[in-house]
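Below is one structure, written out as C-alpha cells; the observations come after it.
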Amino acid sequence: MPWTIPLSDLDFGPEEQQAVQGVLASKWLSMGEVTETFERHFAAFLGVPYAVAVSSGTAALHLALAALGIGRGDEVIVPSLTFVASVNAVLYVGASPVFVDITSRNDFSIAPQAIEQAITPATRAVMVVHYGGYPADMAAITAAIAGRDIAVVEDAAHAPGAQLDGRSLGSFGEAGCFSFFANKNMTTGEGGMLVTCRPDVYERVRRLRSHGMTTATWDRHRGHASSYDVVDLGFNYRPSEINAALGLAQLRKLPGNTQRRRQLTEEYHQRLQYIPGVALPFQAHPGPSACHLLPVLLENTAVRTHVMQHLASRGIQTSIHYPPIHQFSFYQKQYQISSASLSNTEAVGSCQMTLPLYADMTGDQIDYVCTCIADALQKP
Ligand SMILES: Cc1ncc(COP(=O)(O)O)c(C=O)c1O
C-alpha cells in the first residue's frame, strides 16, 4: 500500500550511495576494514571501549547471552511488551524467560519492583528493553539485583543516541544490543551492534560471531595469519562491508536526526494533549530519549481498531508496539503465565497505537495525522 504518511522513512541520500559505491569499488565485501572503522566510531559515539558489529539486533542479543555463559537451567527476567526477538534470544541459548510487568501505563519499561520479586536462585540475567528509545530506570534496576550474580543485557534496539544521567543507553549493562533494521533510527538494511565495557565479553562475542574461529578471513587476507583454530561453537553473524559503510554514513546523521525526532515528538505532544481519549505515555520521562517510537494509548481495543482503520483510509500508517509476547500462541503453549501479574502489559497491549515518526516528517504532516485522529474519535 503506498502510504501518504508511512510509519517510518529512511534518510538515505548521496552519502549512503557513495559509501556503498566505495565498498563495491574496493572489491572487498565481507567483514573487514570498513566494519572495524564502523565499530570504532560507534564505540566512541557511545563512550564505550568495545563494539562488535553483527548481522542483526537479534544476533547481538543471542551473542550477549551466549558470551555471558547463560544456558540450560538458567532463568532470564524479561518484559513481555517488546519485540519477540528480545525473548527468542533467551530460548536460543536454552534458558527460560521469566516474564515480568512494565512499570505503568505511562512508562512501558520493565518494572524494577517486579524484577526483584521474580528473582530465584536460577536467575542469571535481566533483559532491559529501552522501549521506543526511552530509558528504563537503570538505577532502580541495579538496586533490584544488587549483591547477586545477575547480569544486565540492554536491548537498546530503539535507543542509539539516547542517554540517562549523561550516560549512553547500552553502556549500563554487561552488554548493550542495537538493531539497524530498516525501520530503526539509523539503518544498514539488516544489521546490529553489541557494545560492552568487559574485555572478556568482547573477545568471546568476536569469536562467537564467526564460528568460534581465532582469526578472520580479513586477517588472513592481510597476511596477519595463515590458519586458525576453532575454540568455541560459534555462528555466522558477520555483517558485510556494505552494511558497515551504510552504518558509518547513518551514524554521522544520527545526532541531527535524533534532535529532529525530539522536536517532532514535542510537536505531536502539543497537538495530541488537547484530543480527548488520547493518553500520552513517557511525558516528562528522564532522558534525553532517542524518540524512536511515538506511542499513544486509546480507550480500548475497539476504539484502536476504528482509529487505525480511519487513519489507514487517509493514507496514514500506524502500528502496535507490541502485542505482548506471552500472548503469542508459541509462547502460550510453552509457558503457563499468570496474566494478573502482567496487568499493565496487557492493558497497554490492548489499546496502544504507534504513530508515524521519522526525521524528514513535517509539521504539516503531524497536523494532518492529529486532525485525522480527532476526526476518528468524533465519529465512532
Ligand atoms: C526491541 C527490539 N529488540 C530486538 C530487535 C531485533 O532486531 P533485528 O530486527 O535487527 O534482529 C528489534 C527489531 O525490530 C526490536 O525492536
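If you bin the C-alpha pair distances of segment 1-126 every 10 Å from 0, what whole percents do you get?
11, 25, 29, 23, 10, 1
Got a sec to turn the phi values of segment 158-173 into Karplus ³J(HN,Hα) couplings, 6.51 cos²θ - 1.76 cosθ + 1.60 with θ = phi - 60°, whole Hz, x for Gly and Pro?
9, 10, x, x, 7, 9, 9, 6, x, 10, 5, 5, x, 9, 7, x
Rounded to the nearest 0.05, what FRET efficiency do ASN106 and SER26 have when you use their Cβ-Cβ distance and R0 = 41 Å?
0.25
Using the Karplus curve 6.51 cos²θ - 1.76 cosθ + 1.60 with θ = phi - 60°, what ³J(HN,Hα) values do you get for each residue of segment 110-117, in whole Hz, with x for Gly and Pro?
Along segment 110-117, the couplings run 4, 7, x, 5, 5, 4, 4, 5 Hz.
Around SER80, which amide H atoms from residues at least 5 apart in sequence, or from another chain, sit under 5 Å from its own amide H, with H modelled in the peptide plane?
Sorted by chain and number, the residues that satisfy this are VAL100.
Could you sort the peptides 213-225, 291-303 by per-residue average Cβ neighbour count (10 Å cutoff), highest mean leading?
With the highest mean Cβ count within 10 Å placed first, the list reads 291-303, 213-225.
Going by amide H atoms built from the backbone, whose H comes under 5 Å of the H on SER319, apart from near neighbours?
Under 5 Å from the amide H of SER319 lie the amide H atoms of THR354, each far enough along the sequence or on another chain.
Give me the accessible area per residue for segment 175-323, probe 1.4 Å, as a whole number in Å².
44 Å²
How long are the three semi-axes of the equivalent ellipsoid for segment 146-283, computed from the Cα gyration tensor as the root of 5 times each eigenvalue, in whole Å, largest first?
Its equivalent ellipsoid spans semi-axes of 37, 20, 12 Å.
So what are the ³J(HN,Hα) numbers for segment 261-278, from phi and the Karplus equation (6.51, -1.76, 1.60; θ = phi - 60°), rounded to whole Hz, Gly and Pro as x?
4, 5, 4, 5, 4, 4, 4, 4, 4, 4, 6, 6, 5, 9, 9, x, x, 10
Mind ranking TRP3, TRP28 by accessible surface for me, highest first, 1.4 Å probe?
TRP3, TRP28
Which number do you get for Rg(Cα) / (2.2 N^0.38 Å) in the chain?
That ratio works out to 1.00.
Evaluate the charge dipole of the chain about its Cα centre and quote only its size in Debye, nearest 20, assuming +1 on the Cβ of each Lys and Arg and -1 on the Cβ of each Asp and Glu.
360 debye
222 nm [θ] for the chain, helices only, -39500 (n - 2.57) per DSSP H run of 4+, per residue, to 500?
-12500 deg cm²/dmol
Kindly report the accessible area of segment 9-129 per residue (heavy atoms of protein chains, probe 1.4 Å, no ligands, DNA or RNA), in Å².
The answer is 40 Å² per residue.
Between THR120 and ASP364, 0.36 nm times their residue separation minus their Cα-Cα distance comes to what?
Using 0.36 nm per residue and subtracting the Cα-Cα distance, I get 82.7 nm.
I'd like to know which of SER55, GLY349, THR214 lies farthest towards the positive end of the charge dipole of the chain, counting +1 on Cβ of Lys and Arg and -1 on Cβ of Asp and Glu.
The listed residue farthest towards the positive side: THR214.
In percent, how large is the relative contact order of the chain, given Cα pairs closer than 8 Å and 6 or more residues apart?
23 percent.
Most fluctuating residue of SER319, SER55, SER171 in a GNM of the chain with Cα springs under 10 Å: which is it?
Result for the chain, Cα springs under 10 Å: SER319 fluctuates most.
In debye, nearest 20, what is the charge dipole magnitude of segment 181-249 about its Cα centre with +1 on Lys and Arg Cβ and -1 on Asp and Glu Cβ, if you could check?
80 debye
Whenever you get a sec, compute what percent of the accessible area on segment 7-71 sits on carbon and sulfur atoms (1.4 Å probe).
55 percent
What number, in nm² with one decimal, is the all-direction average of the projected area of the convex hull of the alpha-carbon atoms of segment 14-65?
With every direction weighted equally, the projected area is 4.4 nm².
Where does segment 87-156 land on Rg(C-alpha)/(2.2 N^0.38 Å)?
Relative to the rule-of-thumb radius for its length, segment 87-156 sits at 1.06.
Subtract the Cα-Cα distance of ALA146 and ASN88 from 0.36 nm times their separation in residues, and report this length gain in nm to one decimal.
Extending this stretch completely gives an extra 18.3 nm.
Please work out how much length the chain gains when fully extended from TYR274 to ARG72, using 0.36 nm per residue of separation minus the C-alpha to C-alpha distance, in nm with one decimal.
Gain on stretching TYR274 to ARG72: 67.6 nm.
The values are calculated or read from the model by the stated rules, or taken from the named source; none is laboratory data. As the structure is a prediction and not an experimental result, all values here were calculated from the model. All Cβ positions, glycine included, derive from the backbone under ideal geometry; neighbour counts span all protein chains shown. The area values use the complete protein model at the heavy-atom level, side chains included, leaving out ligands, DNA and RNA. Shrake-Rupley method; radii C 1.70, N 1.55, O 1.52, S 1.80 Å.
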